[in-house]
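Report on the structure given below.
The values are calculated or read from the model by the stated rules, or taken from the named source; none is laboratory data. Computed from a predicted model, the values in this text were never measured in an experiment. Positions of Cβ are generated from backbone atoms using ideal geometry, with glycine treated the same way; all protein chains shown enter the neighbour counts.
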Amino acid sequence: MITQVFMSKGYKQLTVGERDLIGALKASGKSAGDIGKELGRNRSTISRELQRNGPSVHTGYYLSHKAHERSVERQSNSRKIARLKSVEIKEYVSSKLVIRWSPELIAGRLQVERPGLKISHEAIYQWIYNDAKEYIPYLVRKHRNRWKKGHSRKHQKVHIPCRVGIDERPEYIDKRLQCGHWESDTAVSRQSKAALNVMTERKTRLTLIDKIERKGAKEVRSAIIRRLSRKPKLMKRTITYDNGSENVCHVRVNNCVGTKSYFCNPYRSWEKGTVENTIGIVRWFLPKKTNFANVSNEQIKNIENWLNNRPRKCLDFMTPNEAYKSECCT
């Protein structure tokens with residue numbers, strides 16, 4: 001008799017080793033009761049195992065490794081719960097997605113409009129990608145698949161010389177109490193090497209857009225220096241960047257125009273949300289997959305002028321150009 005090494009207090013799931021023994025004993029002609037005695041398991045446990053995890057078509061044999069795979073998959077599926085249980089929540093989420101509200105916005109607003117109801121933005125994302133893929137086109141990024149947790153990034157460390165993190169940026173800059181503090185970013189396209197360098201001033205929302213041959217450090221550096229060198233001194237204080245390799249020449253920019261540099265935390269580009277939102281508006285005119293090589297400088301200038309002459313609620317309905325002139329003339 002095989003030693004009853006698997007005997008334990010209380011019920012435990014069958015292990016791979018136990019399933020191997022079940023397979024061997026089953027092949028030798030042992031009954032469920034005999035196998036249970038050998039393993040120190042109840043006869044019903046063995047019968048249930050042979051029935052649930054045995055082959056679904058052919059009977060009379062038992063493959064331990066296949067049985068274990070079926071068991072693991074069943075356990076995994078049993079732990080899955082409905083992401084949007086309530087019909088009311090599902091209807092609310094659906095109605096807001098089609099008007100292009102983000103899952104974060106929907107989750108936060110739900111508690112305001114429907115007290116007592118609650119859902120996380122992560123649950124909404126999971127519901128969309130698993131059960132309601134027809135709503136993917138309404139998401140900002142529109143990715144067909146979500147990255148799994150733990151997805152490795154191309155770079156886990158930043159490679160910016162003389163980098164100063166945004167956490168060290170003075171608080172008055174966060175509060176937009178002073179002009180001359182810029183955010184910089186690039187808009188790229190899969191259709192061409194050409195890109196757009198976009199800069200937005202945090203207080204006045206003045207925007208500068210330049211077409212560059214490629215998303216390279218030299219091109220970005222030249223574009224920033226060319227545009228900021230024409231601005232008065234009070235409009236050249238700081239620039240906040242992300243950690244892309246195109247920003248490695250920031251020290252050269254500082255030496256040329258007299259600015260200081262700050263950098264967002266890795267993979268938190270939303271910390272320079274002003275320019276991120278501006279690029280989102282630029283995408284109205286130049287959507288993703290636009291070949292920037294075919295976009296003329298005149299078109300880009302027209303978009304820049306439209307942005308800077310568009311009233312903004314955050315400026316008490318002044319335009320960025322008006323706010324800029326107000327700062328420079330006082």
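What to note about this one:
- Residues of the stretch 252-264 that are free of Cβ contacts under 8 Å to residues at least 60 places away in the same chain and among the basic types (Lys, Arg): Arg252 alone.
- Members of the stretch 289-302 found to be part of a loop (DSSP other than H, G, I, E, B) and touching a Lys or Arg at 6+ places or on another chain (Cβ under 8 Å), listed by number: Lys289, Val295
- Residue selected from the stretch 99-119 under the condition within 17 Å of Ala132 (Cβ to Cβ) and surrounded by fewer than 12 Cβ atoms within 10 Å (Cβ to Cβ), by the criterion farthest from the chain's Cα centre (by Cα): Ile99
- Residues located in the stretch 207-223, provided they are closer than 20 Å to Glu276 by Cβ and touching a Cys at 6+ places or on another chain (Cβ under 9 Å): Val220
- Test: residue in the stretch 220-242 that is among the polar types (S, T, N, Q), farther than 23 Å from Cys162 by Cβ and touching a strand residue (DSSP E or B) at 6+ places or on another chain (Cβ under 6 Å): no
- Of the residues Leu84, Leu117, Leu97, the single one that is in contact with a helix residue (DSSP H, G or I) (Cβ under 6 Å, 6 or more places away or on another chain), modelled with pLDDT of 85 or more and farther than 28 Å from Ile279 by Cα is Leu117.
- Search result, residues across the stretch 16-39 that are within 23 Å of Arg74 (Cβ to Cβ), at pLDDT 85 or above and out of contact with any helix residue (DSSP H, G or I) (no Cβ under 7 Å at 6 or more places or on another chain): none
- The set of residues in the stretch 295-330 being among the polar types (S, T, N, Q) and within 16 Å of Glu201 (Cβ to Cβ) consists of Asn305, Asn308, Asn309, Thr319, Asn321, Ser326, Thr330.
- Residue in the stretch 243-251 that is without any contact (Cβ under 8 Å) to a residue 60 or more places away in the chain and among the aliphatic types (A, V, I, L, M) present: no
- When the stretch 311-328 is filtered for residues that are among the acidic types (Asp, Glu) and touching a residue at least 60 places away in the same chain (Cβ under 8 Å), only Glu327 remains.
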